[in-house]
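Accompanying notes for the structure given below.
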Amino acid sequence: MHSGRIIFSQLMEFLPSHEFNRCVRRYRGNYKTRGFSCWDQFLCMAFAQLTYRESLRDIQTCLRAVRSKLYHAGFRGVMARNTLANANIQRDWRIYADLAAALIAEARKLYLNDDFGVALKETVYAFDSTTIDVCLSLFPWAKFRKHKSAVKLHTLIDLRGNIPCFVHVSSGAMADVTSLDHLPIEAGAFYVMDRGYTDFARLYRFTQGLAFFITRAKRDLDFTRRSYQTIDKTTGLRSDQTIVLCGAKTSQRYPVPLRRIVYYAADIKKRFVFLTNNFDLPALTIAQLYQCRWQVELFFKWIKQYLRIKAFYGTSINAVKTQLWIAVCVYVLVAIVKKELKIERSMGEILQILSIGLFEKMPVLQAFLRDSLTIGNNTIHNQLPLFEF
């Protein structure tokens, strides 16, 4: 794979070119383009993500500084700030959304047998959203409050590998619970959500779709207990009940029984009340699955720290979605490389190393070896001493 090629070129080899070309043809991405293809656009934006570029001018300056290496990195077009800006505005963001879907399918196969802390064969997803504040005058389409705009990412991650499987980009005004209408439901899978997604009409869709949900109950929940299970209070469990909703509206929106589990976390001295439509798993396992929901919070914190999603290179809806989907592509691509090459480093360390070594000529695996930078023990006898005593 190496043969004198730079790391950036080797990294892009893990991208399925046939899938990329299929996505471009599907949305006619290269129609009437002159010298700057969708591939050039993707490479520029991927470079910006991997090296933490701040703006379009920053991208242009840094790429022109390594002009002699761009051809070997796969670039064929001439990189100019206005050219990239126009490409982000005009070329359909769905090209990169579909590419991300193809990469996600490949990554999930690689992480299929990974352990996420709970011994469970079924797929477990965590669903949540994060808000990115933007300027109201520059992003009027993303109006959030009277004097504020925001872009919201509604994200579903597979807990095996923390792979984002579904991403919906909206303005900050969109309620979190509304995003459940866009969520694909997979039969037999578990969906772990916070209390903000408690809408019984929408939760009933999971039951009808033969999927399971785990969420927290609101304090004013009106219900009647039908039965209960014996529990071991030394584990932190306080109750395991089968209930039916009694509210005038909730009883119609969710007409079948629910399972209500109360758990006390002694380490943080907090009481949790969980609702689920699964009656087979042990109550303690349900509590452990909800604890794994924090993986999606860590995922948001991670991508905001290591990828460029807190500031945007363009202000249009298409430019914002293009940047966000390419960021997802880069994240999943690095996850694939980590698994394929069996790199024993964290995702954060991998991105930090890539940020300073993209244009180095060495095997990509060698860059991540912990002892790759070693200082020899050979003594240089003709070196004069700096200080004499």
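Throughout, read-outs are computed from the coordinates displayed, never taken from laboratory work. All values reported here derive from a predicted model rather than from experimental measurement. So basically every Cβ, Gly included, is an ideal-geometry build from the backbone, and we count neighbours across all protein chains shown.
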**Study point:** Net length gained if the chain between Arg57 and Val256 were fully extended (0.36 nm per residue, minus Cα distance)
**Key:** 65.9 nm
Review point. Counting pairs of alpha carbon atoms under 8 Å apart in space and at least six apart in sequence, what relative contact order in percent does region 195-292 give?
Key: 27
Study note, to complete from the structure: Going residue by residue through region 138-154, the Karplus relation 6.51 cos²θ - 1.76 cosθ + 1.60 with θ = phi - 60° gives ³J(HN,Hα) values, rounded to whole Hz and with x marking Gly or Pro, of 8, 10, x, 6, 10, 4, 10, 10, 4, 10, 8, 10, 7, 10, 10, 10, 9
Check your understanding: Taking amide hydrogens as modeled 1.01 Å from N in the peptide plane, which residues meet the under 5 Å criterion relative to Ser171, leaving out close sequence neighbours?
Key -> Lys152
**Study point:** Cβ-Cβ FRET estimate between Ile317 and Lys270, R0 fixed at 45 Å, reported to 0.05
**Key:** 0.70
Exercise for review: On a C-alpha basis, how far is the centre of region 1-55 from the centre of region 80-116 in Å? Whole number, if you could?
Suggested key: 10
Study note, to complete from the structure: Mean Cβ-within-10 Å packing, highest first, puts peptides 227-233, 201-207 in the order 201-207, 227-233
Check your understanding: HN-Hα J couplings of region 302-314 from phi, Karplus 6.51/-1.76/1.60, θ = phi - 60°, integer Hz, Gly and Pro as x?
Key -> 5, 5, 6, 7, 10, 10, 8, 10, 8, 9, 10, 7, x
Review point. If you average 1/r over all unlike Cα pairs in region 195-292 and invert the result, what Kirkwood radius do you get in angstrom?
Key: 13.8
Point to revise | Cubic angstrom per residue, convex hull over Cα atoms of the chain | key: 226
Study note, to complete from the structure: The residues His18, His72, sorted from fewest to most surrounding Cβ atoms within 10 Å, come out as His18, His72
Study note, to complete from the structure: Sorted on mean Cβ neighbours within 10 Å (highest first), peptides 124-137, 262-275 come out as 124-137, 262-275
